[in-house]
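Engineer: Pasting in a structure now, in structure tokens, and then I'll have a few things to ask.
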Amino acid sequence: MTDITRQLWLQRAKRAAWLSLVAAVLLWSLWLLYTKLLAEVSADPLVEQLLSGGSLWSRLNVIFNSIAESVSEITRREYLQAGAAAIVAYVALAWYDRIALMHLNRHQGISWNYIATCSFVTYALGHNLGASVVSGGLVRYRAYGAKGLSAAEVAVLVALCSFTFAFGTMILMGFVFIIEPELVQSLRDVIPFLALPETVVRLLGAALLLLCGLYVLGSWRGFPPLRIRNFELFYPRLPIVTRQLIAAPLEIIAAAAIIYYVLPDVGNPGFLVVLGAFLLSFSAGLISQTPGGIGVMEAVFLAVVNTVPASEVIAALLVWRLMYLLIPLAISLPVIVAFEKAQLRRNGG
């Protein structure tokens, strides 16, 4: 076996192992979701009698009808509030790109409309397809390459946008861990090793905030650039970091608000718990690399928000997927086609 053949075999083996792991996580999450919903609808004695002799298909039909009933109870006002929160979230995501361009000193001559459109398409594809860094990098390379940015500059832009999101997640998760440490313990049935004492969770929250503080301190103190051969990676200046401190939490809070607005008042645990559930479930979905975090987000969310009936939690997450994932994806596809046609005409194609 040659070295090239061995490398190809190892790459395929690693990819197969990763895909198998993702599939296992997805199936496990869907099974947890199914059992949780089944337990809820079985609380009704008449439904339980119906389910006892029914097939898997009939059980899924009963679960579907329960979720559909919960969705139908969401009011127009709640839909409007959720839609407004989704718009705020995508405006904040566009700000990520603007901040990264300012860091690169390449924001001059690139309009807000262009940045917002590029960012919208990037995240609409990345959130739905998974591997957002890869898909986002391809979209941004096409869009910002047309504005004169090099491949290295686009790579820095993608990395800084990803870091901005991670920065916001660490800030908010730090506060949630300190104020609501019991949220982590609620996941012990899903992820047993997370059965941590509240003191440990609070210390983890404090550690996350300390790391964020050190990042801000480095900007304030003006750390020197990191040199890699002929490439220099500059530490973000304080005005850039200040914008990150606003934009990242704003986007995450707005995304979580989509779910909060459509949850019922009865049993609603409050926004901070919903925010914590969103941070944990969305992070788990990103780590799993399943498209849209399907199944994984639901399993984690149901474990944390356990004061609301499961069907109503799933209904709220369906609205979130509609507002934050599916509608943006539907809008972004014709935008991509229009951009590529414009590029062909510009290049004389």
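Engineer: I'm trying to understand the selection: among the residues of the range 69-109, which are closer than 19 Å to residue 258 by Cα and outside any helix (DSSP H, G or I)?
Structural biologist: Within the range 69-109, 73, 74, 75 meet the criteria.
Engineer: May I pose another question? Among the residues of the range 240-268 satisfying the criterion of being closer than 23 Å to residue 159 by Cα and of a type in the set (Gly, Ala, Ser), which is surrounded by the fewest Cβ atoms within 10 Å (Cβ to Cβ)?
Structural biologist: Checking each candidate, the answer is 254.
Engineer: For the range 308-322, check the following and say yes or no: at least one residue is without any contact (Cβ under 8 Å) to a residue 24 or more places away in the chain, under 24 Å from residue 117 (Cβ atoms) and within 16 Å of the chain's Cα centre (by Cα).
Structural biologist: yes
Engineer: I've got another one for you. Which condition number does residue 298 fail, the rest of (1) at pLDDT 75 or above; (2) of a type in the set (D, E, K, R); (3) over 21 Å from residue 173 (Cα atoms) being met?
Structural biologist: (3)
Engineer: A follow-up question, please. Listed residues 276, 267; which is at pLDDT 90 or above and closer than 24 Å to residue 79 by Cα?
Structural biologist: One residue alone meets the criteria, 276.
Engineer: Taking the range 81-98 only, how many residues are of a type outside the set (Gly, Ala, Ser), more than 18 Å from residue 313 (Cα to Cα), over 16 Å from the mean Cα position of the chain (by Cα) and surrounded by fewer than 21 Cβ atoms within 10 Å (Cβ to Cβ)?
Structural biologist: Result for the range 81-98: 1.
Engineer: Could you list, in sequence order, the residues of the range 267-291 that are farther than 20 Å from residue 180 by Cα and among the aliphatic types (A, V, I, L, M)?
Structural biologist: 286, 287
Engineer: Ok, one more. Does residue 296 fit the bill of being over 18 Å from residue 257 (Cβ atoms), in contact (Cβ under 8 Å) with a residue 24 or more places away in the chain and either crowded, with 19+ Cβ neighbours inside 10 Å or not polar (S, T, N, Q) (or both)?
Structural biologist: yes
Engineer: How about the range 204-229: which of its residues are within 18 Å of residue 159 (Cβ to Cβ) and either modelled with pLDDT of 80 or more or not aliphatic (A, V, I, L, M) (or both)?
Structural biologist: 211, 212, 215, 218, 219, 223, 225, 227, 229
Engineer: Related question: How many residues does the range 171-195 hold that are at pLDDT below 80, crowded, with 16+ Cβ neighbours inside 10 Å and not in a helix (DSSP H, G or I)?
Structural biologist: 2
Engineer: Is it the case that residue 237 is loosely packed, with under 12 Cβ neighbours inside 10 Å and either at pLDDT 85 or above or more than 14 Å from residue 160 (Cα to Cα) (or both)?
Structural biologist: So residue 237 fails the test.
Engineer: Then there is this: Could you grab me the full set of residues in the range 323-334 that are surrounded by 18 or more Cβ atoms within 10 Å (Cβ to Cβ) and at pLDDT 85 or above?
Structural biologist: 323, 324, 328
Engineer: Could I ask something else about it? Of the conditions (1) in contact (Cβ under 8 Å) with a residue 60 or more places away in the chain; (2) of a type in the set (Gly, Ala, Ser); (3) closer than 21 Å to residue 307 by Cβ, residue 247 clears all except one; give me its number.
Structural biologist: So the condition that residue 247 fails would be (3).
Engineer: If the requirement is being of a type in the set (Phe, Trp, Tyr), surrounded by fewer than 20 Cβ atoms within 10 Å (Cβ to Cβ), closer than 24 Å to residue 80 by Cα and within 18 Å of the chain's Cα centre (by Cα), which of these qualifies: 278, 271, 301?
Structural biologist: After applying the criteria, what remains is 271.
Engineer: For residues that are without any contact (Cβ under 8 Å) to a residue 24 or more places away in the chain and of a type in the set (A, V, I, L, M), tally how many sit in the range 88-121.
Structural biologist: 1
The values are calculated or read from the model by the stated rules, or taken from the named source; none is laboratory data. These numbers come from a predicted model, not from an experiment. Here the Cβ is made from the backbone with ideal geometry for all residues, glycine too, and neighbour counts use every protein chain on show.
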